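Written below as structure tokens is the structure these notes are about.
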Amino acid sequence: MSGHLHGDEPTNEECADFLERIVRLIDNELEEGDCTVVRAHIDTCSPCLERYDLQRTVKAIVARSCSETAPADLRAKVRLQIQQIRVEITEG
Ligand SMILES: [Zn+2]
């Protein structure tokens, strides 16, 4: 009854937890059961869908540049970006 939830947005904590798994889903490091859970969340949570799309796009860029030069810098940048998104979510 009390508390201060804004609108129908999912809790930040929940999304922060999912972001971690979204990253692993894209990396194909997630187990089959978890994939289903994460995909179900992405389906119902547009902020997470946007992040999923962003991560996938970044991944594709990294993969493409992989064939040309060793993208150590780029990988570091991507990692930083993921961390920034995570901070954004957890700090609201
Ligand atoms: Zn979410």
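The values are calculated or read from the model by the stated rules, or taken from the named source; none is laboratory data. The structure presented is a predicted model; accordingly, all values stated were derived computationally and were not measured. Every residue, glycine as well, gets a Cβ built from its backbone with ideal geometry; the counts of neighbours run over all protein chains shown. Just so you know, the surface numbers come from the protein's heavy atoms only, side chains and all, with ligands and any DNA or RNA stripped out. Shrake-Rupley method; radii C 1.70, N 1.55, O 1.52, S 1.80 Å.
Descriptive notes on the structure:
- Pick from the range 38-61, criterion more than 9 Å from the ligand (Cβ to nearest atom) and open to solvent by 70 Å² or more (accessible area, probe 1.4 Å), ranking: farthest from ARG75 (Cα to Cα): ASP43
- Residue within the range 64-74 that is modelled with pLDDT of 80 or more, out of contact with any strand residue (DSSP E or B) (no Cβ under 9 Å at 6 or more places or on another chain) and either loosely packed, with under 15 Cβ neighbours inside 10 Å or not in a helix (DSSP H, G or I) (or both) present: no
- Extreme residue, nearest to ARG79 (Cα to Cα), among residues of the range 9-35 that are open to solvent by 90 Å² or more (accessible area, probe 1.4 Å) and more than 12 Å from the ligand (Cβ to nearest atom): ARG24
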